[in-house]
1. What's the exposure ranking of His59, His184, His177, going from fewest to most Cβ atoms within 10 Å?
2. With the alpha-carbon atoms as the only input, what is the per residue convex hull volume for segment 84-152 in Å³?
3. For a quick check, take a GNM of the chain with Cα springs below 10 Å and name the residue from Leu206, Leu20, Leu122 with the largest mean-square fluctuation.
4. Amide H to amide H under 5 Å from Phe60: which residues, 5+ apart in sequence or cross-chain, H placed 1.01 Å off N in plane?
5. Compute a Gaussian network model of the chain, connecting alpha carbons closer than 10 Å, and tell me which residue from Ser66, Ser95, Ser237 fluctuates the most.
6. Taking a quarter of the surface of the convex hull around the Cα atoms of segment 1-148, what do you get in nm²?
7. Could you state the number of Å between the C-alpha centres of segment 34-77 and segment 208-274?
8. If you only keep lysine pairs separated by 8 or more in sequence, or across chains, how many in the chain come under 16 Å at the Cα atoms?
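Nothing in this text is a laboratory measurement; each read-out follows from the coordinates by a stated rule. Owing to the predicted nature of the structure, the values given are computational and were not obtained by experimental measurement. Cβ atoms come from the backbone with ideal geometry, glycine included; neighbour counts cover every protein chain shown.
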Amino acid sequence: MLIKRFKKNKMAVLGLAIVLFVVLTSLTASFVAPFNPLKLSLRNRIKAPSDENFFGTDHFGRDIFSRVLYGGRVSLWVGVSSVALAAIVGILLGSVGGYFGGRIDYVIVLIMDALISFPVLLLAIGMMAVMGPGVKNIIVALALVFIPTYGRVVRGSVLSIRQKEYIEAARNAGSGHLKIIFLHVLPNTMAPLIVVTTISVANAILIEAVLSFLGLGVPPPAPSWGNILSDGRNFISQAPWLTIFPGLAITLSVLGFNTLGDGLRDVLDPKLKQ
């Protein structure tokens, strides 16, 4: 039923196609990329796009096409890993707080409200300024940023689900709290979580690009879409391709995940089920 609804939703199908394209090109970068993304060639610096260098070269003579492909690996890894870590912690906190309530819920809500009170980008910048640049630090910083999103979504769902008759029946049958949470409560929160995850990955990719652009993300010479953009900003009038192509890669990936998330929301919306 859901597969048929998904196929009928053009937005969801388009988003999935874009996401698969971005993921496959990034994962196969070592086979598709024609050059080593770190190889310097001062003789070929600032070359316009051509048959040899599809996206041109930068001021160090590095092939932009190869760097964009390899940069996709970093951006996707950061996006998926940070969201996965945030989901684990956020779902755990939200389910515990929503199910047990009382002081436990109060403390958890207080922590999430404190985190969510900061603008997402400013919180990420502050975390990176404290921890320093690096892929692992970016993942931790972004995970901290997205934990309140998952916590609030799960808590809201659990607050309504815990009052259902089948939960009361499970309690009367002698099921423990952990069994009820993992077998009866959390499975019924999956629909909104799937939508939140796709949109969060898009946001994580965008924030990682901003951090790398500001010099707080992936340290050069390792390629990421953000630092490729940063390298090209001083040559934007002389060599606009240095910023156009990584910018298009960011736009395409964010568009794909957001479109997929919007489509999944329509597909999984109970009000639209026949």
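1. Working: His59 15, His184 18, His177 12.
Placing the least packed residue first, the sequence is His177, His59, His184.
2. Details: hull volume 4.9 nm³, N = 69.
In segment 84-152, the Cα convex hull volume per residue is 72 Å³.
3. Leu122
4. Counting only residues 5 or more places away or on other chains, the set is Ile46.
5. Ser237
6. On the way: hull surface 53.6 nm².
Result: 13.4 nm².
7. First find each Cα centre; the distance between them is then 17 Å.
8. Details: Lys4/Lys273; Lys7/Lys273; Lys8/Lys273; Lys39/Lys47; Lys164/Lys179.
Total qualifying Lys-Lys pairs in the chain comes to 5.
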